[in-house]
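The values are calculated or read from the model by the stated rules, or taken from the named source; none is laboratory data. Just so you know, these numbers come straight off a predicted model, no measurement behind them. Counting neighbours? That spans all protein chains shown, and the Cβs are built from the backbone with ideal geometry, glycine included. These accessible areas exclude ligands, DNA and RNA; they are computed on the full protein's heavy atoms, side chains included. Shrake-Rupley method; radii C 1.70, N 1.55, O 1.52, S 1.80 Å.
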Amino acid sequence: MTDKIELTNLSKEELTSEIVKIGEKAFRAKQLWQWIYFRGVTDFNEMSNLSLALRQKLQENFTITRPKIVAEQISIDKTHKWLLEFKDGERVEMVYIPEKDRGAVCISTQVGCAMGCRFCHTGSQKFTRNLSVSEIVGQFMVARDAYGEWPSPTDEVRYLSNIVVMGMGEPLNNLDNVVKALNIITDSEGIALSRRRVTMSTSGIAPRIVEAMQRTGVRLAVSLHAPNNTIRSQIMPINDKFRIEEIMKACAEYQKGEHSRYITFEYLLLKGINDSLDHAKELINLLKKYKLRALFNLIPFNPWPGCDFAPSDKKTVEAFSKALDDAGFAAPVRVARGQDILAACGQLKSKKTQA
Ligand code: SAH
Ligand code: SF4
């Protein structure tokens with residue numbers, strides 16, 4: 001017997017062609033899509049507008065799978081972290097960061113990460129594999145299951161209102177699956193999350209930035225973290241391959257497009273490394289040179305066991321933020337959430353021993 005096809009790996013077009021292949025009319029695919037992505041149903045038997053015979057046929061041919069929750073923790077600030085396991089036993093972490101009446105889910109795109117950024121816990125473990133479309137979409141579905149957010153609510157009343165692709169992995173190194181997954185999540189007949197509410201963060205894989213943004217239409221965040229190549233290469237080995245100038249040019253190219261939006265530059269403040277006022281000035285000059293519509297997101301460093309860096313002190317962070325602000329670049333400091341459960345940015349890992 002051939003393996004059953006996992007439906008959450010398929011685009012709407014692919015799902016339709018699979019339904020036609022088993023001898024059904026195309027409109028059945030639309031019904032199925034709504035059950036899976038609008039109602040969040042995982043059991044074919046619950047699809048009450050499909051005949052019993054069809055439900056059985058679907059069961060024989062297809063699966064609808066969620067990643068398995070192997071552990072979860074909720075921080076004192078209500079940040080929720082899950083350790084999720086896939087069929088082959090590989091694991092990733094996912095985080096939900098609630099605000100008053102909305103919240104962002106931070107999803108992963110790879111098991112481990114090949115970029116090896118020195119400040120990042122994920123980067124300290126080796127790259128294992130890319131996540132499939134189903135494994136990416138499935139993360140958000142698990143979060144929606146947990147908060148009972150089915151059927152898809154209107155934009156105004158969503159508790160899980162945003163997605164940040166800022167978990168484990170470099171999304172642009174798994175671009176085809178990430179694009180397909182985000183297009184499923186933002187499809188108007190299913191989960192229907194607005195593209196404006198999805199932000200994809202990259203360490204700066206310059207040649208893929210424009211393509212990634214054109215294929216997804218989501219918001220772009222770039223992990224810059226340094227005002228020049230010398231410092232950036234010290235903390236991000238990928239900078240030896242894609243230099244700051246190349247990243248800036250790609251960003252400028254993206255902003256020529258008609259649907260482009262503001263770019264967020266993430267800047268991690270590392271004590272004594274990249275946090276002086278001279279560094280801030282250099283950064284301002286860099287941004288001005290490329291005439292980008294941009295804002296900063298200053299990230300306090302989140303330490304993890306065995307890391308080599310320390311967070312900048314509060315006064316330094318404030319001065320850095322003010323310098324950027326005075327130069328016309330909004331530069332809010334990100335409030336670290338979920339630190340007591342190691343759920344903050346850059347702290348995610350998936351060692352099998354940790355559960
Ligand atoms: N790989 C992508 C997206 C995942 S990392 C990227 O690098 O952009 C998400 C964000 O967390 C990035 O801006 C990353 O630089 C930041 N980050 C990594 N380690 C961190 C740490 N220890 N403390 C705070 N932020 C960290
Ligand atoms: Fe990978 Fe992003 Fe971590 Fe760098 S910061 S190692 S690119 S996940």
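Ignoring ligands, DNA and RNA, what percent of the 1.4 Å accessible area of the chain is carbon and sulfur? Can you show the working numbers first?
Numbers: 8060 of 15700 Å².
Within the chain, the accessible surface is 51 percent carbon and sulfur.
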Query - For the range 82-149 versus the range 320-335, the gap between their alpha-carbon centres in whole angstrom - result: 29
Query - Three-way shape label, the range 39-136, alpha-carbon gyration tensor, a/c 1.5 - result: oblate
Query raised in the report: With the other protein chains left in place, how much accessible area per residue, in square angstrom, belongs to the chain at a 1.4 angstrom probe?
Result: 44
Query - Segments 185-191, 324-330 sorted - mean Cβ within 10 Å per residue, highest first - result: 185-191, 324-330
Query raised in the report: Rounded to the nearest 10 Å², what accessible area does residue 195 show when all protein chains are kept and the probe is 1.4 Å?
Result: 80
Query - Distance violations [Cα-Cα > 20 Å] among 271/322; 241/281; 281/322; 256/281 - result: 241/281; 256/281
Report task. Could you name the aspartates and glutamates whose alpha carbon sits less than 17 Å from that of residue 87, not counting residues in the same chain fewer than 8 places away? Result -> 3, 6, 135
Query raised in the report: Taking 0.36 nm per intervening residue step and subtracting the Cα-Cα distance, what contour gain separates residue 228 from residue 339 on full extension?
Result: 37.0 nm
**Report entry** Using distinct alpha-carbon pairs, which all enter the 1/r mean, Kirkwood radius of the range 176-312 in Å
**Finding:** 16.0
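Mind giving me the FRET efficiency for residue 249 and residue 281? R0 is 22 Å, r the Cβ-Cβ distance, nearest 0.05 is fine. Working shown, then result.
Details: r = 22 Å, r/R0 = 0.98.
With a Förster radius of 22 Å, E is 0.50.
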Requested in this report: Report the one residue of 138, 19, 114 whose Cα lies farthest in the direction of the positive end of the charge dipole of the chain (charges on C-beta: Lys and Arg +1, Asp and Glu -1; origin at the Cα centre).
Outcome: 114
**Report entry** Distance between modelled label sites at residue 145 and residue 288, nm, 7 Å Cα→Cβ extension
**Finding:** 5.3
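Rounded to the nearest 500, what is the chain's calculated 222 nm mean residue ellipticity when only DSSP H runs of at least 4 contribute -39500 (n - 2.57) each, over all residues? The partial results should precede the final answer.
Values: 10 runs with 110 residues, N = 355.
For the chain, the value works out to -9500 deg cm²/dmol.
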Query raised in the report: Once label points are set 7 Å from the Cα along Cα→Cβ at both residue 129 and residue 30, what is their separation, rounded to one decimal in nm?
Result: 3.6
Report summary line: Between residue 76 and residue 156, the FRET efficiency computed from the C-beta separation at R0 = 25 Å comes out, to the nearest 0.05, as 0.30
Report task. Set Lys and Arg Cβ to +1 and Asp and Glu Cβ to -1, take the dipole of the range 47-95 about its Cα centre, and tell me which of 69, 84, 49 lies farthest positive. Result -> 49
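Provide the gained length on full extension for the span residue 310 to residue 52, in nm with one decimal, where the gain is 0.36 nm per separating residue minus the Cα-Cα distance.
Details: separation 258, 0.36 × 258 = 92.88 nm, distance 6.04 nm.
Full extension from residue 310 to residue 52 adds 86.8 nm.
Need one number for the chain: average projected area of the convex hull over its C-alpha atoms, nm².
Values: hull surface 74.0 nm².
The orientation-averaged projected area of the Cα hull of the chain comes to 18.5 nm².
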